[in-house]
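The values are calculated or read from the model by the stated rules, or taken from the named source; none is laboratory data. Model, not experiment: these values are computed from the prediction. Reconstructed Cβ throughout: ideal geometry from the backbone, glycine too, with neighbour counts over all protein chains shown.
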Amino acid sequence: MSDDYTGDVRAGGEPAVRALGDDLTLTKVSVGPMDNNAYLLRAGSEQLLIDAANDAATLLDLIGPAGLRTVVTTHRHQDHWVALAEVVKATGATSLAHADDAPAIPVVTDTLRDGDVVEVGGHALEVIHVVGHTPGSVVLAYRQPGGRVHLFTGDSLFPGGVGNTRGNKDNFTSLINDVEHKLFDRFGDDTWFYPGHGKDSTLGTERPHLAEWRARGW
């Protein structure tokens with residue numbers, strides 16, 4: 001499953017599936033009119049969903065009879081949680097978001113802080129707080145045993161640049177600093193990242209352009 005994974009998905013199309021280890025599987029699907037990415041991690045009998053973005057029926061079909069333990073919302077923008085209430089109601093899943101964005105998200109049962117760990121089937125994902133796209137945006141980092149790091153970046157990092165800060169210079173400075181120091185300075189070039197919209201990339205592919213992003217201011 002991992003050899004031919006590209007991460008290229010489209011709303012209404014087939015999901016992309018990747019093995020992240022012996023017993024951890026990633027499924028990426030695009031949903032909704034804004035082509036949001038949602039990611040389902042499955043390990044044994046446990047599942048974790050990153051961003052119940054839209055189209056609850058598609059997400060619940062993807063989740064299937066195994067049920068859902070946890071939903072993590074990467075940030076407070078509505079296109080990333082349209083289906084959250086329906087998914088939580090149907091599955092009874094715990095709904096997590098960073099404390100600084102939680103008040104703007106309709107269903108949050110517990111809050112996250114920088115350095116927290118979210119687990120699925122015994123696999124740990126580190127919570128990394130990156131401020132700028134929103135005050136409470138988070139990245140989830142999974143370290144594959146003996147392999148690469150996988151980052152779920154929400155709208156904080158995309159191929160070609162950081163997330164939209166709508167011309168706010170302070171927010172852009174905060175975001176580019178956090179992305180550079182908390183992601184690029186910590187993790188190697190083979191680190192694969194999965195954004196909230198569109199295609200995936202690696203830190204190595206994007207690293208040469210950090211100075212360019214900073215200079216252009218977006």
Looking at the stretch 30-79, which of the residues that are polar (S, T, N, Q) and either at pLDDT below 95 or in a helix (DSSP H, G or I) (or both) is nearest to VAL118 (Cα to Cα)? SER45
Could you tell me whether any residue of the stretch 56-68 is touching a Phe, Trp or Tyr at 6+ places or on another chain (Cβ under 9 Å) and of a type outside the set (Ser, Thr, Tyr)? no
Identify all residues within the stretch 17-34 that are among the hydrophobic types (A, V, I, L, M, F, W, C) and touching a helix residue (DSSP H, G or I) at 6+ places or on another chain (Cβ under 9 Å); write none if there are none. VAL29, VAL31, MET34
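Tell me which strands (runs of 3 or more DSSP E) are completely within the stretch 95-151 and hold 3 or more residues being surrounded by 16 or more Cβ atoms within 10 Å (Cβ to Cβ), or say none if there are none.
123-129, 138-143
Before we move on, is ALA11 touching a Ser or Thr at 6+ places or on another chain (Cβ under 7 Å) and of a type outside the set (Ser, Thr, Tyr)?
Details: touching a Ser or Thr at 6+ places or on another chain (Cβ under 7 Å): yes; of a type outside the set (Ser, Thr, Tyr): yes.
The answer is yes for ALA11.
Filter the stretch 183-218 down to the residues that are part of a helix (DSSP H, G or I), among the charged types (D, E, K, R) and either crowded, with 18+ Cβ neighbours inside 10 Å or touching a helix residue (DSSP H, G or I) at 6+ places or on another chain (Cβ under 8 Å) (or both) and list them by number. Talk me through it step by step, then tell me what you get.
Step one: filter the stretch 183-218 for residues part of a helix (DSSP H, G or I), giving 183-184, 203-216.
Then keep just the ones that are among the charged types (D, E, K, R); that gives 206-207, 212, 214, 216.
Once the filter is applied, which keeps residues that are part of a helix (DSSP H, G or I), among the charged types (D, E, K, R) and either crowded, with 18+ Cβ neighbours inside 10 Å or touching a helix residue (DSSP H, G or I) at 6+ places or on another chain (Cβ under 8 Å) (or both), the stretch 183-218 yields GLU206, ARG207, ARG214.
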Would you mention how many residues in the stretch 1-29 are part of a loop (DSSP other than H, G, I, E, B) and either closer than 13 Å to TYR194 by Cβ or in contact (Cβ under 8 Å) with a residue 24 or more places away in the chain (or both)? 12
Among the numbered criteria (1) touching a strand residue (DSSP E or B) at 6+ places or on another chain (Cβ under 9 Å); (2) of a type outside the set (Asp, Glu); (3) within 22 Å of THR109 (Cα to Cα), which one does GLN78 miss? (1)
